[in-house]
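Just so you know, all these numbers are worked out from the coordinates, no wet-lab data involved. Everything numeric here is computed off the predicted structure, so don't read it as measured data. Every residue, glycine among them, receives a Cβ derived from its backbone with ideal geometry; neighbour counts consider all protein chains shown.
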Amino acid sequence: MKTAYELAMERLSARALSFKLTAEQKKQLAELDSKYTAKIAEREIHLKDEAAKVATAGDFEKVEQLQQQLVKERKALQAELEEKKDTVRQGKG
C-alpha cells in the first residue's frame, strides 16, 4: 500500500509536463491555500483549547481523543484542499 506522499508525488510527476497554469488558476490555488490554512488553524486552536480544559480536569483519555480528532480533521481538510486544487488545475474550477 502506498503512502499519501507517494501517491501525491506520482500525481505530481504525471502532471508536471502536461499543463501550464493560467494567472487565474494560480490566483485560485493561492486563495484555496489561504482558506484551508485558516480552516486548519481554526480547528487546531479550538481543539487544543478544548484539550487544555479537559487536561486541567484530569481526563487524559479525552485529551487523547481530542488529539486524534485533530489529526483526522487536519487530514480530511488537506485531502479536501487537494481535491479542490486538482479541480482548478484541470480547468473545472
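Pairs Lys27/Lys75; Lys2/Lys85; Lys27/Lys48; Lys26/Lys48; Lys20/Lys84; Lys53/Lys84: which exceed 28 Å Cα-Cα? Intermediate results must be reported in sequence, preceding the final value.
Working: Lys27/Lys75 23 Å; Lys2/Lys85 21 Å; Lys27/Lys48 31 Å; Lys26/Lys48 33 Å; Lys20/Lys84 17 Å; Lys53/Lys84 35 Å.
Beyond 28 Å between Cα atoms: Lys27/Lys48; Lys26/Lys48; Lys53/Lys84.
Cβ under 12 Å from Thr37's Cβ, Thr37 left aside: what net charge do those residues give with Lys, Arg +1 and Asp, Glu -1?
Values: positive: Lys35, Lys39, Arg43, Arg74; negative: Glu31, Asp33, Glu42, Glu44.
In short, 0.
Might you report the magnitude of the Cβ-based charge dipole of the chain about its Cα centre, with Lys and Arg at +1 and Asp and Glu at -1, to the nearest 20 debye? Present the calculation step by step, with values, prior to reporting the outcome.
Working: 19 positive and 17 negative charges, 109 e Å.
Charge dipole, the chain, about its Cα centre: 520 debye, nearest 20.
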